[in-house]
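The structure under discussion appears below in the form of structure tokens.
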């Protein structure tokens, strides 16, 4: 692709490094910023620099935060007796957006994956264990909101094994056939878990 300016080319190359952004989209974005007021570009640049240099991670749950303790952990109206364990901040946000959960979180930063060289020591696993076994702990339940994959199940097993001697309830997200789907196209693992996790039929 030919560019009318080396400055445009450099901007396009940098923007195209973002996930899901191709060169054509990057070019449109670069030209859009060029057409906008100079203050717009300066504000965008400042926001990106601040994001990279000032972002902190909660020392308790490892969520992205503006301070040492994130707003969720610091909120006294949340249920501090429940911790929902997730792989990433993206998963945390997805659960928060349901408005159905009022407990705390713990972000692992991934899952155990020997193939990719990710072991327990590479994740925030010990810190969630410590949150439960601490003498000051008020945690009564751990929700394992991990991916329904071999790696997710391995990570869940690791946590469960570490907490087997502690009086804490360990639950996982319900797994089953999605609403609106047909059994014919449902994979065997999901269908099998749906049968094993069946519950009483309730008439509406």
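Computed from the Cβ-Cβ distance with R0 of 41 Å, the FRET efficiency linking residue 169 to residue 21 stands at 0.40.
Hey, with R₀ at 25 Å, roughly what FRET efficiency would residue 161 and residue 136 work out to, going by the Cβ-Cβ distance, to 0.05? About 0.60, to the nearest 0.05.
Quick one: 150, 1, 33, fewest Cβ neighbours within 10 Å first, how do they rank? Each step should come with its number before you reach the end.
Numbers: 150 12, 1 8, 33 15.
In increasing order of surrounding Cβ atoms, one gets 1, 150, 33.
Taking the number of other C-beta atoms within 10 Å as the exposure measure, put 7, 104 in order starting with the fewest.
Numbers: 7 11, 104 21.
Ranking 7, 104 by Cβ neighbours within 10 Å, fewest first, gives 7, 104.
With the contact rule set at Cα under 8 Å and sequence spacing of 6 or more, what percent relative contact order holds for the stretch 6-54? Let's see the in-between values first.
Working: 20 pairs, mean separation 12.9, N = 49.
Normalised by residue count, the contact order of the stretch 6-54 is 26 percent.
For the stretch 1-114, build the convex hull from the C-alpha positions and give me its volume per residue in Å³.
Values: hull volume 19.9 nm³, N = 114.
Taking the convex hull of the Cα positions in the stretch 1-114, it is 175 Å³ per residue.
Here the stretch 106-176 has an Rg and Dmax of 12.2, 37 Å, counting Cα atoms alone.
Per the Debye formula on identical point scatterers at the alpha carbon atoms of the chain, with no solvent, log10 I(q)/I(0) at q = 0.10, 0.12, 0.16, 0.18 Å⁻¹ is -0.65, -0.84, -1.11, -1.23. Normalised by the number of residues in the chain, the average gap of Cα pairs under 8 Å and 6 or more apart makes the relative contact order 13 percent. Against the compact-protein benchmark of 2.2 N^0.38 Å, the Cα-based radius of gyration of the stretch 6-54 scales to 1.17. Once the Cβ-Cβ distance of residue 38 and residue 14 is raised to the sixth power relative to R0 = 22 Å, the FRET efficiency obtained is 0.75.
Every number in this text was worked out from the coordinates using simple rules, so none of it is lab data. The structure displayed is predicted, hence computed values, not measured ones. We place every Cβ from the backbone using ideal geometry, glycine too, and count neighbours over all the protein chains shown.
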